[in-house]
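Colleague: Mind having a look at this structure? Questions to follow.
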Amino acid sequence: MTKVALVTGGTRGIGAAICKALKEAGYKVAASYAGNDEAAAKFKAETGVSVYKWDVGDYESCVAGIAKVEAELGPVDVLVNNAGITRDGMFHKMTRDQWDAVINTNLNSLFNMTRPVWEGMRARKFGRVICISSINGQKGQMGQVNYSAAKAGDIGFVKALAQEGARAGITVNAICPGYIATEMVKAIDPAVIEKSILPHIPVGRLGEPEEIARAVVFLAGPDAGFITGSTLSANGGQYMA
Ligand code: NDP
């Protein structure tokens, strides 16, 4: 039977590439997003992927959103926790709002999204949970204490949950992208990218969203059944964890 994949933040950037790659690989795909209706409508028209709006930081909204996806497409076999934001600032200037927004969207969302699909995956004895963490969760990044903490938390979540899911046929893995050419990164001053970022990337370029998407398709597929609890670095050699 055709498997169902749900990708949070699937309408733009890395998530959009993941949705397209999963669709090409034969999955029924649902993409969630936060509020950019225009981007979501454009993405839906271009790809035929079903789009759903809810805040991954709100547990009740996730429960209701997932119920709608499952009623329309079927039980979720593959969950990609991709939605994420940045609210950067040096710690001595960081506000509690900046901290809360990033922890809620980038870390609490993993509970909010995974908990409602977990029992179904256990009952069906199959599941794939793939969390998009970050190089900055592995190495820490100044100006991103909130983001680094959340993304490091994602890795701990994956390692613990992988142990719980293993006997039930569920794998749980993290992918840690380095700098990928999406709107999140294009918002950085090009001069900063040229002078301060590219010199630290041994391959000498930013990554492409499709390069993360292909890793997700592999981890979601039947050939990756023995890979669980792992952290896959995809960063052009910038950090070798
Ligand atoms: P983008 O900013 O391009 O896209 C973010 C997506 O997440 C959008 O679809 C957005 O919806 C959605 N989203 C944001 N907040 C919420 C929310 N509260 N509820 C539901 N959906 C939400 O991000 P990227 O593609 O660059 O990043 C994707 C993931 O990869 C993130 O977790 C990021 O931290 C991680 N990452 C990115 C790197 C990069 O270089 N780009 C490097 C390392 C990790 P909407 O369109 O409605 O706003």
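Colleague: Label Glu211 and Ile188 with points 7 Å out from Cα along Cα→Cβ: what is the distance between them in nm?
Modeller: With each label placed 7 Å out from Cα toward Cβ, I get 1.3 nm.
Colleague: Taking the 0 to 90 degree range and rounding to the nearest ten, how far is the long axis of helix 209-220 tilted relative to the main principal axis of the chain, both from C-alpha atoms?
Modeller: For 209-220 against the chain, the angle is about 40 degrees.
Colleague: Follow-up. For segment 83-100, take each phi angle, set θ = phi - 60°, evaluate the Karplus expression 6.51 cos²θ - 1.76 cosθ + 1.60, and give the result in whole Hz per residue in order, putting x for glycine and proline.
Modeller: 4, x, 9, 10, 9, 6, x, 4, 4, 5, 10, 5, 8, 5, 5, 4, 4, 4
Colleague: Give the Cα extents of segment 129-241 along the principal axes, in whole Å, largest first.
Modeller: Taking the Cα atoms of segment 129-241, the three principal extents are 49, 28, 23 Å.
Colleague: Quick one: in the chain, what % of C-alpha pairs are over 30 Å apart?
Modeller: The share of Cα pairs beyond 30 Å in the chain comes to 20 percent.
Colleague: Run through segment 1-66 and list the trypsin sites (Lys or Arg not before Pro) located in a DSSP loop whose Cβ has at most 13 other Cβ atoms within 10 Å.
Modeller: Within segment 1-66, no trypsin sites (Lys or Arg not before Pro) qualify (loop, at most 13 other Cβ atoms within 10 Å).
Colleague: Still on this model: Report, in listed order, any pair from Lys44/Lys195; Lys53/Lys159; Lys44/Lys139; Lys20/Lys151; Lys42/Lys139; Lys42/Lys93 with a Cα-Cα distance greater than 32 Å.
Modeller: Pairs exceeding 32 Å: Lys44/Lys195; Lys44/Lys139; Lys42/Lys139; Lys42/Lys93.
Colleague: Rounded to the nearest 10 degrees, what's the angle between the helix 145-165 long axis and the longest principal axis of the chain, both from Cα atoms, 0 to 90?
Modeller: Tilt relative to the chain: about 30 degrees.
Colleague: How much length is gained on full extension from Val63 to His92, taking 0.36 nm per residue of separation minus their Cα-Cα distance?
Modeller: So the chain would gain 6.8 nm between Val63 and His92.
Throughout, read-outs are computed from the coordinates displayed, never taken from laboratory work. The structure presented is a predicted model; accordingly, all values stated were derived computationally and were not measured. Here the Cβ is made from the backbone with ideal geometry for all residues, glycine too, and neighbour counts use every protein chain on show.
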